[in-house]
Amino acid sequence: MIKVLLADDQPLVRAGLRALLGTEPDLGVIGEASDGAEAVRLAAELEPDVVLMDIRMPRLDGLEAARRLAGSPVKVVVVTTFDLDEYVYAALRAGASGFVVKDAEPAEIRHAVRVAARGDALLSPAVTRRLIERFAAQERPELDDRRLGPLTVREREVLAGVARGLSNTQLAERLFMSPATVKTHVNRMMTKLGVHDRAQLVVLGYETGLVRPGEPA
């Protein structure tokens, strides 16, 4: 069962999410937090697989709470009424594994939990790419070899493909390797670069200048 912690300052929202997830046999809510500080404390105490985290909360907001959980095995999915691109980008930078809005369909939220729990990025590659391109276009950084230094030539090729929104299967076809080998490269890159999911690899690909906005996939 996927263990879920709810973090939202509105009891009604928490009750709705609990009811929504409680209908699924593979999902279970193990705790609730009313602010980011409590979410961080309960995450350490209860060891959930996923935290559904609101952004605007008292004492400690969801973005800072996500940053504090970024080095742990816990996956954070930001659930908020604010769907501005700036919040999406900030959530990914903070270490969140994904982003959904509160008026999403129930199936989308349940899917978000499952996707995050298995270690994948919640946002589709195309959506993530458009988001990162919007912000990266403001700076257009030069290639940052210092941050990419640990990667082999092949790993850089895989990272560029991930940042452009290609799936493991698509990368395997383009680079003439098996999907399993691509997955191995992706996992090794995460370890070398200190990131914990595919969404953060996309951010890194653009921030380091390895991929430039507007380049074809």
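The values are calculated or read from the model by the stated rules, or taken from the named source; none is laboratory data. Small disclaimer: the values here were computed from a predicted structure and weren't measured. Glycine also receives a Cβ, built like all others from the backbone with ideal geometry; neighbour counts cover every protein chain displayed. Just the protein is used for accessible areas: all its heavy atoms, side chains included, with ligands, DNA and RNA removed. Shrake-Rupley method; radii C 1.70, N 1.55, O 1.52, S 1.80 Å.
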*Which percent of the accessible area of the chain is formed by carbon and sulfur heavy atoms (probe 1.4 angstrom)?*
51
*What full-extension length gain, to one decimal in nm, is calculated for Glu86 and Glu64 as 0.36 nm per residue of separation minus the Cα-Cα distance?*
6.4 nm
*Per residue accessible area of the stretch 142-206, 1.4 Å probe, in Å²*: 49
*the stretch 1-88: relative contact order as a whole-number percent, Cα under 8 Å and 6+ apart*: 30
*Could you provide, to the nearest whole Å², the per residue accessible area of the stretch 1-65 with probe 1.4 Å?*
45
*Quick one: length gained pulling Ser167 to Leu143 fully straight, 0.36 nm per residue minus the C-alpha distance?*
6.3 nm
*Under unit Cβ charges (Lys, Arg +1; Asp, Glu -1), what dipole magnitude, rounded to 20 debye, does the stretch 60-108 have relative to its Cα centre?*
360
*Once you charge only the Cβ atoms, +1 for Lys and Arg and -1 for Asp and Glu, what is the size of the charge dipole of the chain about its Cα centre, to the nearest 20 debye?*
660
*Mind telling me which of Ala96, Ala37, Ala172 comes out most flexible in a GNM of the chain, alpha-carbon contacts under 10 Å?*
Ala172
_Ignoring everything except DSSP H segments at least 4 long, calculate the 222 nm mean residue ellipticity for the chain; use -39,500 (n - 2.57) per segment, divide by total residues, nearest 500._
-15000 deg cm²/dmol
*Straight-distance crosslink candidates among lysines, where the alpha carbon sits under 25 Å from Lys192 and sequence neighbours closer than 8 are dropped*: Lys75, Lys183
